[in-house]
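Step one of this worksheet: look at the structure below.
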Amino acid sequence: MLPTLHSSIKWLFIVLTFAVFQPLNGQTLIYENDFEIEVGANNWNGVTLTPSGTDGFASANGAQHAKLPAGGGPMGTTSSAFSQLGGYSSVFPSFGYQVNLKLYLNVEGGWANDTRVDYSCASNNTLGAHRRDFIYNIGFYNDETGPGANINRFVISTSNSAGRSNSYPKNPARNPIAISTTGWYIFQQTFYDNGSGVLAVDLKIFDGANSLIHTWTLSDASDIIGSTVGGNRYAWVLNNEFSLLAIDKSNLYNLPAPCLPFIITNENTNQIYCNIQHAINGASDGDVISVPAGVYTQTTTININKPITLIGAQEDVDPRPYVFSGRIPGDPTETIIEGPANTILVNITSGGVVINGFHFRQVAGAGNADLITSPSTPVKTGLELKYNIISGATDEGAQIRGFNNATLQYNYVLNSVGDGLNFADNAASENLKILDNEIVNSASEHGGIFIYSSEC
C-alpha cells in the first residue's frame, strides 16, 4: 500500500540515485539496493529496471538503474515509487540513522517551467505507524523570479509537505536554492537527537564532486524520540511530473556513537571521522581533510604518509602579532592539536602535503620532542606549512628534513626549547623557503631559525 501524502506535480530529466554515501566510521548498513536484480516489496515498488546507457545517460552504479513511469508535465499526470527501506521500524536507533539519495538533474532537458517532483523520507512513531515526512520540494524553472532567475535551473527547498497545494519549491520562507549545472547530486537525510531528546533532520545536497551545496534542518518540538518518534518508515518519490525520472543505489545506515563536538570531514568524499589519523588513513592522494575548531589531544604521533591537505579552522588567517592578527593561542576558535612533551605531534613522510590553519602545542610531561618533523629519507617533494601557531615545543617547533620544494610561511612560533623552525639534512634539496614567520622566545642557542646540512 502506498503511503499517504499530498499528490501532484510535473516532469524533469532527473535521475535519482540513493548513493552509498558514507557517514561516520562504524555505521551499520541496514538496507541497500543497487537495482542490479531486486525490485518490489521492501525494495522499490513502481519502477522498471533499465540498462545503463538507456535514454542517453549511464547508471550511477553498476550495469542498470530503475526508472519511474513518465509524468505528464505541469498539472498533468504524476507517477511515484517507494521503498520500505528493508522494513518499517518503531525503534529509533541509539545514535540516529541516515538515508542517501542521488539525483541526476538535467538542466537542458527541455522541461516546462514549474515542472515538479517531491522526494520524502518519513519517520514512524513508537507503534510503527507514520509520524512525519521530511521532503525535498523540487521544481524546474526558466522564468524571471526566485533563485537563479532568468536561467534554466532547478529550485529546491524542504518542508514537511508535498504536492502543489501544500508546497512550493521557490517559497522564500523555506530557503530555496538554485542548481543550474547538469549532473549527479547527492541528497542526504540524517535523523538524530538534537541534544534535548527531540528529533532533528538535516537535509543536505552535495554536488558530483561531493562538495556540500546546502543544508536545511527540520525539527518539531513535539517529535520526542522514544515517545512520539520511533524509527524509519519509507523513502518515497512522489508527485513526479517529469517524463524521465530514474533512481539508482538506495541505502539506509544506522549511525555509530557520535564523536561530538568535533567531526572531521574529508571534503572530497564527505566521509566523516572522529580521529585525525583515521581521516588520513581513509584519504586518497590529493584529498582535503577539514578539522573544525576544538582541542584534539594526541597520545601518539599523527603520521602523514600521503599527499593530502589538512585544513584547520583558521585556514589562511595570519596568526602573527606583527600584522595585528586577531588570532590568540589557545582560543576556542582555534583547531588545537596538543600532546605531551615527549611526543612528536606530526611526522610527515610524504610529499605533496599542506598543513594550514592549526595551533600545535605540547602541554605537559617530561621529555623533549619536535612538534612537527619529517625523516631525512626518502627525499620528498612538496610541503606547505603555513598560517599555523606552533607553541611550547620541547625541542624544535618544526624540523623539516628530506624535502624539495618546502615552504614554511605565515607561522607564529613561540616558546620553543629548541629552534623555532629549521631545515636539516636537505643537502641535495632545492627550493626550500622560510619566510614571513614570527618567532618569539626561542631558547635555542642557534636562534629562532636554523638551517644545517641543507641548500635553500
| task | Given the conditions (1) among the basic types (Lys, Arg); (2) at pLDDT 95 or above; (3) within 30 Å of HIS278 (Cα to Cα), report the number of the one that LYS102 does not fulfil. | result | (2)
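Going by the structure shown, is ILE276 farther than 15 Å from GLY96 by Cβ and either under 15 Å from the mean Cα position of the chain (by Cα) or β-branched (Val, Ile, Thr) (or both)?
In short, yes.
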| Looking at (1) modelled with pLDDT under 90; (2) outside the structural domain of ILE135 (by TED's automatic domain parsing); (3) over 12 Å from the mean Cα position of the chain (by Cα), which is the one condition that is false for ALA246? | (2)
| note | Among the residues of the stretch 271-282, the number that are closer than 19 Å to LEU212 by Cα and touching a strand residue (DSSP E or B) at 6+ places or on another chain (Cβ under 6 Å) is 3
| request: Starting from the stretch 316-334, keep only residues that are on the phi > 0 side of the Ramachandran plot, then list their pairs with residues that are surrounded by 14 or more Cβ atoms within 10 Å (Cβ to Cβ) and assigned to a loop (DSSP other than H, G, I, E, B) whose Cβ atoms are within a distance under 8 Å, requiring at least 6 positions of separation or different chains. | output: ASP316/GLY357; ASP316/TYR387
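Which count do you get for residues in the stretch 278-290 that are in a helix (DSSP H, G or I) and either in contact with a helix residue (DSSP H, G or I) (Cβ under 6 Å, 6 or more places away or on another chain) or under 18 Å from GLN27 (Cα atoms) (or both)?
Start the filter on the stretch 278-290 by keeping residues that are in a helix (DSSP H, G or I), which leaves 278-282.
This time we only want the ones that are either in contact with a helix residue (DSSP H, G or I) (Cβ under 6 Å, 6 or more places away or on another chain) or under 18 Å from GLN27 (Cα atoms) (or both), so: 278-279, 281-282.
Selection size over the stretch 278-290: 4.
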| What number of residues in the stretch 261-273 are part of a loop (DSSP other than H, G, I, E, B) and either over 15 Å from the mean Cα position of the chain (by Cα) or touching a residue at least 60 places away in the same chain (Cβ under 8 Å) (or both)? | 5
| field | Residue satisfying all of: in the stretch 290-314; out of contact with any Ser or Thr (no Cβ under 7 Å at 6 or more places or on another chain) and of a type outside the set (S, T, N, Q); farthest from LEU212 (Cα to Cα) among these | value | ILE302
| task | Taking the options ASN305, ASN342, name whichever one is surrounded by fewer than 17 Cβ atoms within 10 Å (Cβ to Cβ) and under 22 Å from GLY418 (Cα atoms). | result | ASN342
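Is it the case that the stretch 50-65 has a residue that's surrounded by fewer than 21 Cβ atoms within 10 Å (Cβ to Cβ), in contact with a His (Cβ under 6 Å, 6 or more places away or on another chain) and modelled with pLDDT under 95?
In the first step, residues of the stretch 50-65 are kept if they are surrounded by fewer than 21 Cβ atoms within 10 Å (Cβ to Cβ); the result is 50-58, 61-64.
Now drop any that are not in contact with a His (Cβ under 6 Å, 6 or more places away or on another chain), which leaves 50.
Checking the rest, the ones that are also modelled with pLDDT under 95 come to 50.
Looking through the stretch 50-65, at least one residue is surrounded by fewer than 21 Cβ atoms within 10 Å (Cβ to Cβ), in contact with a His (Cβ under 6 Å, 6 or more places away or on another chain) and modelled with pLDDT under 95.
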| task | Looking at (1) acidic (Asp, Glu); (2) assigned to a strand (DSSP E or B); (3) touching a Gly at 6+ places or on another chain (Cβ under 6 Å), find the lone condition where ASP395 falls short. | result | (2)
| message | Checking TYR253 against (1) assigned to a loop (DSSP other than H, G, I, E, B); (2) more than 30 Å from THR115 (Cα to Cα): exactly one of these is not met. Which one? | response | (1)
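What are the residues in the stretch 166-194 that are buried (at least 16 other Cβ atoms within 10 Å of the Cβ) and among the β-branched types (Val, Ile, Thr), if any?
So the first thing to find is which residues in the stretch 166-194 are buried (at least 16 other Cβ atoms within 10 Å of the Cβ), and the list is 166-170, 174, 176-179, 182, 184-193.
Result: ILE177, ILE179, THR182, ILE186, THR190.
Need a quick list: strands (runs of 3 or more DSSP E) entirely within the stretch 137-212 having at least 1 residues that are modelled with pLDDT under 95.
On the way: elements: 153-159, 177-179, 183-193, 198-206.
Hits in the stretch 137-212: 183-193, 198-206.
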| note | Among residues of the stretch 55-65 being within 16 Å of GLY109 (Cα to Cα) and touching a residue at least 12 places away in the same chain (Cβ under 8 Å), the residue nearest to the chain's Cα centre (by Cα) is PHE57
| query | Got a sec? Which of SER227, SER219 is polar (S, T, N, Q), surrounded by fewer than 19 Cβ atoms within 10 Å (Cβ to Cβ) and part of a loop (DSSP other than H, G, I, E, B)? | reply | SER227
| request: Pick out, from the stretch 327-380, the strands (runs of 3 or more DSSP E) lying fully within it that include 2 or more residues that are more than 16 Å from ASN303 (Cα to Cα). | output: 335-339, 358-362
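Yes or no, residue by residue, for (1) out of contact with any strand residue (DSSP E or B) (no Cβ under 9 Å at 6 or more places or on another chain); (2) in contact (Cβ under 8 Å) with a residue 40 or more places away in the chain; (3) β-branched (Val, Ile, Thr):
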site	(1), (2), (3)
GLY367	yes, no, no
SER376	no, yes, no
LEU383	no, no, no
ASN404	no, yes, no
ASP425	no, yes, no
ILE434	no, no, yes
ALA443	yes, no, no
HIS446	no, no, no
ILE449	no, no, yes
| note | When the stretch 133-165 is checked residue by residue, the ones that are buried (at least 24 other Cβ atoms within 10 Å of the Cβ) and closer than 16 Å to ASN113 by Cα are ASN137, ILE138, GLY139, PHE140, TYR141, PHE154, VAL155, ILE156
| remark: Selection from the stretch 181-227 of residues in contact (Cβ under 8 Å) with a residue 40 or more places away in the chain, under 18 Å from PHE134 (Cβ atoms) and of a type in the set (Val, Ile, Thr) yields ILE186, THR190, VAL201, ILE205, ILE225
| request: Run down ASP318, ASP287, ASP331 and say which single residue is surrounded by fewer than 17 Cβ atoms within 10 Å (Cβ to Cβ) and among the charged types (D, E, K, R). | output: ASP331
| task | From the list ALA393, ALA406, pick out the single residue that is more than 23 Å from ASP285 (Cβ to Cβ) and either among the aliphatic types (A, V, I, L, M) or at pLDDT 90 or above (or both). | result | ALA393
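The values are calculated or read from the model by the stated rules, or taken from the named source; none is laboratory data. Note that this is a predicted model, so its numbers are computed, not measured. Using ideal geometry, Cβ is built from the backbone for each residue, glycine included, and neighbour counts are taken over all protein chains shown.
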